[in-house]
Amino acid sequence: MRTAVRIAFVLGLLVVVALIVREGVQSIASLLAQAGWVLLLLVPLHTLPLLLDVMGWRVLIPGRTRLQTLFLIACIREAVNRLLPVANIGGELVGIQLLTRQGISGTTAASSVIVETLLNIVAQYLFLILGVACLLNVTGNVRAMGGLLIALAGGLPVALLMIGLFRTGGLFRILKKLTAGVLGSQGSAASVLDKMAGVDAAIRELTAAHARLARAVVWQLAGLITGCLETWLALRWLHHPVSLSAALAVESLTMAARSFIFVAPAGLGVQEAGLIGVGHLLGISSDVAIALSLAKRMREILFGLPALANWYRYTRQGRLNPG
């Protein structure tokens, strides 16, 4: 897996460089220069969609959990996934670790992150449906979206299968057999299986609370929709304004591409290719699409670096610093 991630990182970086060179470094730099410092406003703007997402995560954690602490952990989770060479799952593992150090049991922490990740798949699928509808409304081109509709229909069984495996304990049974086969009857095997059984039970309890799941998905979907403001404003500042419907289509389809090819660290190459493809349908030129992607990556870096610095400080001092 680590080798695959490294290969994907190098390939993605090469794709980004090739696309920038193809579309013209000077043209892209000119677009970014015209927008100027106002693009920096994308950094504080990201606080709102992330906060809404954290509200959804908080619903899944029993007891009182400080919103400020959860928000900081969410910032670190996102920064790890976006800025470090991991396959977009490293942040979740870090999130579990940080949550347990705040006094939350390991079982509760793991189950909340796992269920929250599964619900995020549901929210992203609903977001994608909304994005395809907006794309159809803006372009009116049904033929051009045939492939999108097929992918949309094909992705549903996979999402339902994943949710079903967790909901019924099927994944735990598979992992139990694999663990027993690898570790045999050693004491370590029994310890691992006990922990897995506890997480499995916690996940089943969470997934049985339908009202809580619905609230979490609503919060997550609200965060995804609010995140479209980044694309809408960035394109306006790049002097290529689009409607909110078009911005939602761009955001949802690009996010779906990044999620589908999750092994690519930070979606390198995937985000750029996705923005060019969707932008073509909406009349957004390729150089503008690349400039938009670079603006988004600038925001990811400036928003994520303080979170990574806080994480590093925490590993040395043993406490999070919300300030």
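Can you tell me which residue in region 254-266 is nearest to the chain's Cα centre (by Cα), limited to those that are open to solvent by less than 20 Å² (accessible area, probe 1.4 Å) and aliphatic (A, V, I, L, M)? Among them, the one singled out is ALA266. Selection of region 43-84 for residues being among the aromatic types (Phe, Trp, Tyr) and open to solvent by 40 Å² or more (accessible area, probe 1.4 Å) yields only PHE71.
Scan region 232-266 residue by residue and report those that are part of a helix (DSSP H, G or I) and closer than 18 Å to GLU23 by Cβ. Before you say what the answer is, go through the steps one by one.
The initial filter retains those residues of region 232-266 that are part of a helix (DSSP H, G or I), namely 232-237, 244-260, 265-266.
Listed by number, the residues that qualify are ALA234, LEU235, VAL250, THR254.
Do you know which of the residues in region 267-295 that are in a loop (DSSP other than H, G, I, E, B) and not β-branched (Val, Ile, Thr) is farthest from LEU84 (Cα to Cα)? Here the answer is GLY283.
The values are calculated or read from the model by the stated rules, or taken from the named source; none is laboratory data. Only a predicted model underlies this, so the values are computations on that prediction, with no experimental measurement involved. Cβ: placed from backbone, ideal geometry, glycine included. Neighbour counts: every protein chain shown. For accessibility, only protein heavy atoms count, side chains too; no ligands or nucleic acids. Shrake-Rupley method; radii C 1.70, N 1.55, O 1.52, S 1.80 Å.
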